[in-house]
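The block underneath contains the structure these notes are about, expressed in structure tokens.
The values are calculated or read from the model by the stated rules, or taken from the named source; none is laboratory data. Please read these numbers as outputs of a predicted model, since none were measured by experiment. Glycine gets a Cβ as well: all are built from the backbone with ideal geometry, and neighbour counts include every protein chain shown. Areas reflect the complete protein model, heavy atoms only, side chains present, ligands, DNA and RNA absent. Shrake-Rupley method; radii C 1.70, N 1.55, O 1.52, S 1.80 Å.
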Amino acid sequence: MALTLNLVPESVTVATYSLSAKAGLIDIKSDGLESTLGLCAETVTITGFSGVPPVPPLPPLPPLPPPIAILTLAQRETGALIDLSAKGEAPGITLKSTATNGKMSTIAVDHLGINITSIFGGLLGSISIKPAEMKLSMGPANDGADISLTPKSIIFRVGKTIMTLTEDRIVTSAPAVDIKCDELVEKVGVGVIREVSGEGIKEIVAAVVIREVSAEGHLFTAAEVVVNVGVAGLVTEGPTDTSEIEGPKVDNSNLSTVVVEVSLSITSPITTFL
């Protein structure tokens, strides 16, 4: 049975107005190309219930069951309020905007997290927040760029290049690595330092063992021992010099100078100076 009510007056004013249906459908519409349906009040609430509340034969009505979906539009003295909420075992709220040219933006909120997605042609951008991970991505799924944050790591990825940061190490996987900077200082381990600058490379171990590489050559230092392999030749300095050679030794030079401050001892079955 359907009940049709036509109100001729354009305006009806009452102190309290209630409209309910025990079973069925209540449909309020405004027809026409320029039609408008307005709800004006300090608070406007649209609620969907998890079940049909019981209707006693006599008022007052008992409390309604807990709502599972609520849309509240309210105007307070301090400002405006829009509240959209959902409750249940697996609640979810989705806001979607789709243009005729294929561009689309979506905000999805559920019990598993928050996902914000925008599609602009073939370009995809998203922000995902889950209980154990937060991810920011841009571009195709496999060839784009993304940043993943977990309670114990930060992962940067661009295509096949991946860098993982944890509390005790940095792990990088990439087809190629290029480092360009004015000065680079690396602390490789305890007492081990590697410095890279425009002048060359310097490695220090325990502050007494140093290896330097520059445009002039190689310089090796170990306490009082110095070995310089440069463009001008080979220079060695040290408290002692010991050489043990099982085979023959041949030195060819246009000019050779040996300076000994204390003594020089050469022991050999056959010694030839030319």
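For this structure, a couple of remarks:
- Applying the condition of being within 11 Å of the chain's Cα centre (by Cα) and open to solvent by less than 60 Å² (accessible area, probe 1.4 Å) to the range 135-146 and asking which residue is nearest to residue 119 (Cα to Cα) yields 137.
- First in the range 115-128 and over 15 Å from residue 95 (Cα atoms) and without any contact (Cβ under 8 Å) to a residue 24 or more places away in the chain, second anywhere and surrounded by fewer than 16 Cβ atoms within 10 Å (Cβ to Cβ) and basic (Lys, Arg), Cβ under 8 Å, 6 or more apart: 120/103; 121/103
- Residue, least open to solvent (accessible area, probe 1.4 Å), within the range 118-131, restricted to residues that are part of a loop (DSSP other than H, G, I, E, B) and closer than 22 Å to residue 142 by Cα: 121
- Test: residue in the range 204-217 that is of a type in the set (Lys, Arg) and over 30 Å from residue 252 (Cβ atoms): no
- Some residue of the range 142-156 being closer than 30 Å to residue 111 by Cβ and of a type in the set (Phe, Trp, Tyr): yes
- Checking residue 252 against (1) assigned to a loop (DSSP other than H, G, I, E, B); (2) modelled with pLDDT of 85 or more, the condition it does not meet: (2)
Table: residues versus (1) on the phi > 0 side of the Ramachandran plot; (2) open to solvent by 100 Å² or more (accessible area, probe 1.4 Å); (3) not hydroxyl-bearing (Ser, Thr, Tyr).
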| site | (1), (2), (3) |
| --- | --- |
| 239 | no, no, yes |
| 248 | no, yes, yes |
| 252 | no, yes, yes |
| 257 | no, yes, no |
| 261 | no, yes, yes |
| 268 | no, no, no |
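- Condition check for residue 235: open to solvent by less than 60 Å² (accessible area, probe 1.4 Å), farther than 30 Å from residue 152 by Cβ, among the aliphatic types (A, V, I, L, M) and in a strand (DSSP E or B): no
- Scanning the range 210-230 for residues that are touching a Lys or Arg at 6+ places or on another chain (Cβ under 9 Å), closer than 20 Å to residue 184 by Cα, of a type outside the set (Asp, Glu) and open to solvent by 60 Å² or more (accessible area, probe 1.4 Å) yields 211, 218.
- The condition (being within 28 Å of residue 94 (Cβ to Cβ) and charged (D, E, K, R)) is satisfied by just one residue among 182, 143: 143.
- Leading residue by the ranking (most open to solvent (accessible area, probe 1.4 Å)) among those in the range 159-204 that are hydrophobic (A, V, I, L, M, F, W, C) and outside any strand (DSSP E or B): 190
- The test for being at positive phi and open to solvent by 70 Å² or more (accessible area, probe 1.4 Å) holds for residue 207.
- Within the range 132-158, the residues that satisfy the criterion of being of a type outside the set (A, V, I, L, M, F, W, C) and not in a strand (DSSP E or B) are 139, 140, 142, 143, 144, 151, 152.
- Residue ID - modelled with the lowest pLDDT, chosen from residues in the range 58-117 that are surrounded by fewer than 11 Cβ atoms within 10 Å (Cβ to Cβ) and more than 29 Å from residue 40 (Cα to Cα): 58
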